[in-house]
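*Asks:* Below is the structure I would like to discuss, written out as structure tokens.
The values are calculated or read from the model by the stated rules, or taken from the named source; none is laboratory data. Computed from a predicted structure; not experimentally measured. When we count neighbours, we look across all protein chains shown, and the Cβ atoms used for this are built from the backbone with ideal geometry, even at glycine.
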Amino acid sequence: METYDYVIVGAGSAGSVLANRLTADGTTTVCVLEAGGRDWHPYIHIPAGFIKTYSDPRVNWLYSMEPGPWTGGRRILAPRGKTLGGSSSINGHIYNRGQPMDFDTWAQLGNRGWGYADVLPYFRRMERRIGDGDPTFRGRDGSLTVTDIDWRHPLCDAFIEGAVSLGIPRNPDYNGRIQEGVAYAQRTILNGRRVSAAGAFLHPAMRRPNLRVLTHAHTTNLVLDGKRAVGVRYLEGGRGGRPSEVQARREVILAAGTYNSPQLLQLSGIGPAALLGALGIPVRHALAGVGENLRDHYAPRFVARVKNIDTINERVRGLRLASEIARWVFTRKGVLALSPTHVYCFWRSEPTVANSDLQLTFTPA
């Protein structure tokens, strides 16, 4: 049985950063367990490839929500990355830090160290901002490249002008001092290729001898000594594979994502006692909040037809699609190098609301 200083479950955004940081000094040994495979799939690296990875079981857990009255009885797809980089390898690569007020609210609720002033230095440290940005808020020397969309469309310009006419200000940097306003989106794309957490943080660290990354390692549960996690059990080669175990001298770090982290805690006997008992799982630590209180941000979609103007839809049909593919292959430009969202807008639903509570996106497709 192998033993490391740290065992990280999940090679997604958090796991990739942690693996990089924990092995930086060369004295700490780290093992990362990833249920998916290597991030070799070409659709991961082509920005427009998210259309394919969105429904590809090779790189996506393909979860769906339980039906409920708020979704009209429908199951809503909840894609989660299942590869190196996790969801940062299959998402729409839009870069949005979030609203400063949200971080401050977390701190006010008792989560010390999570105020915006606390997390801002880490945002600055991790990013390599290419484009305009106040250095008080933006970083230039980090590993995660953040660029502006370099493709303009008249419909996007019209959307921005329409927002301005309603009193919404232009804001060229919604990740800067103020989030409120409308602007072309920022994204994690460089030279026509996706910049995932794996590409930015994990792959550089994988050259270090003190880091081992195991792919197709499907974690089944944590190994507990009393109430302390001391190891991880997993299946080599994925589901149906050979059971194996790895131990941690210092810490087990659960970075398996929004859905899989609480699931693994419950499978390990950590969670609501009644639920675990009903599932026949021995309770190791009764903790009511595990697996509960999930909040997601649903978005209604509005689609309009336009006349006498070229949208992305026309560019990805027939011979024009072949032309766009060739353009990306040889120049890394064109519609295949674009994000799914081109314009971001943050605004208030009512004048009396203190901060933006609405987020709008626009795509000429």
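*Asks:* Kindly indicate whether residue 168 is surrounded by 16 or more Cβ atoms within 10 Å (Cβ to Cβ), part of a loop (DSSP other than H, G, I, E, B), out of contact with any His (no Cβ under 6 Å at 6 or more places or on another chain) and among the aliphatic types (A, V, I, L, M).
*Replies:* When the stated conditions are applied, residue 168 passes them.
*Asks:* Continuing with the same structure: Here are the criteria: (1) modelled with pLDDT under 95; (2) surrounded by fewer than 20 Cβ atoms within 10 Å (Cβ to Cβ); (3) under 12 Å from the mean Cα position of the chain (by Cα). Tell me which single one residue 96 does not satisfy.
*Replies:* (1)
*Asks:* Here is a follow-up. Just to be sure I understand the filter: pairs with C-beta atoms under 6 Å, separated by 6 or more residues or on different chains, first member in the stretch 306-329 and at positive phi and acidic (Asp, Glu), second member modelled with pLDDT of 90 or more and assigned to a helix (DSSP H, G or I). Which pairs pass?
*Replies:* Note: no pairs meet the criteria.
*Asks:* Oh, and also: Hey, among 220, 147, 136, which residue is touching a residue at least 40 places away in the same chain (Cβ under 8 Å), out of contact with any helix residue (DSSP H, G or I) (no Cβ under 8 Å at 6 or more places or on another chain), of a type in the set (S, T, N, Q) and not in a loop (DSSP other than H, G, I, E, B)?
*Replies:* 147
*Asks:* Output the residues belonging to the stretch 247-266 that are surrounded by fewer than 18 Cβ atoms within 10 Å (Cβ to Cβ) and either part of a strand (DSSP E or B) or among the aliphatic types (A, V, I, L, M) (or both).
*Replies:* Within the stretch 247-266, 247, 249, 250, 251 meet the criteria.
*Asks:* With the structure loaded, tell me whether residue 163 is surrounded by 13 or more Cβ atoms within 10 Å (Cβ to Cβ), touching a Gly at 6+ places or on another chain (Cβ under 9 Å), of a type in the set (Gly, Ala, Ser) and in a helix (DSSP H, G or I) or whether it fails that test.
*Replies:* Criteria met by residue 163.
*Asks:* If you don't mind, another one. Looking at (1) within 26 Å of residue 204 (Cβ to Cβ); (2) in contact with a Phe, Trp or Tyr (Cβ under 6 Å, 6 or more places away or on another chain); (3) among the aromatic types (Phe, Trp, Tyr), find the lone condition where residue 95 falls short.
*Replies:* Condition not satisfied by residue 95: (2).
*Asks:* For residues that are of a type in the set (Val, Ile, Thr) and in a helix (DSSP H, G or I), scanning just the stretch 7-56, find the one that is surrounded by the most Cβ atoms within 10 Å (Cβ to Cβ).
*Replies:* By that ranking, first place goes to 44.
*Asks:* For residues that are in a strand (DSSP E or B) and within 20 Å of the chain's Cα centre (by Cα), scanning just the stretch 185-217, find the one that is surrounded by the most Cβ atoms within 10 Å (Cβ to Cβ).
*Replies:* Step by step, filter the stretch 185-217, then rank; the result is 194.
*Asks:* Pairs under 8 Å by beta carbon, first residue under 20 Å from residue 226 (Cβ atoms) and touching a residue at least 12 places away in the same chain (Cβ under 8 Å) in the stretch 267-292, partner in a loop (DSSP other than H, G, I, E, B) and of a type in the set (Lys, Arg), six or more apart or different chains?
*Replies:* 268/284; 269/284; 270/284; 284/227; 285/227
*Asks:* Could you please find all residues in the stretch 202-217 being closer than 19 Å to residue 80 by Cβ and touching a helix residue (DSSP H, G or I) at 6+ places or on another chain (Cβ under 6 Å)?
*Replies:* The one that is closer than 19 Å to residue 80 by Cβ and touching a helix residue (DSSP H, G or I) at 6+ places or on another chain (Cβ under 6 Å): 202.
*Asks:* Any residue that is in a strand (DSSP E or B), hydrophobic (A, V, I, L, M, F, W, C) and closer than 25 Å to residue 157 by Cβ - is there at least one of those in the stretch 321-343?
*Replies:* Yes: the stretch 321-343 contains one or more residues that are in a strand (DSSP E or B), hydrophobic (A, V, I, L, M, F, W, C) and closer than 25 Å to residue 157 by Cβ.
So that you can scan it fast, the table gives a plain yes or no per residue for (1) among the hydrophobic types (A, V, I, L, M, F, W, C); (2) out of contact with any Ser or Thr (no Cβ under 8 Å at 6 or more places or on another chain); (3) within 30 Å of residue 173 (Cβ to Cβ); (4) in the same structural domain as residue 224 (by TED's automatic domain parsing):
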site	(1), (2), (3), (4)
278	yes, yes, no, yes
312	yes, no, yes, no
321	yes, yes, no, no
329	yes, yes, no, no
337	yes, yes, yes, no
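*Asks:* Mind checking which residues of the stretch 96-132 are farther than 19 Å from residue 186 by Cβ and of a type in the set (S, T, N, Q)?
*Replies:* 105, 108, 111, listed by residue number.
*Asks:* Still on this structure, please answer the following. Among the residues in the stretch 71-92, are any over 22 Å from residue 16 (Cα atoms), buried (at least 17 other Cβ atoms within 10 Å of the Cβ) and either over 16 Å from the mean Cα position of the chain (by Cα) or without any contact (Cβ under 8 Å) to a residue 24 or more places away in the chain (or both)?
*Replies:* no
*Asks:* Would you check if there is a residue in the stretch 8-28 being closer than 16 Å to residue 215 by Cβ, at pLDDT 95 or above and hydroxyl-bearing (Ser, Thr, Tyr)?
*Replies:* Checking the stretch 8-28: at least one residue is closer than 16 Å to residue 215 by Cβ, at pLDDT 95 or above and hydroxyl-bearing (Ser, Thr, Tyr).
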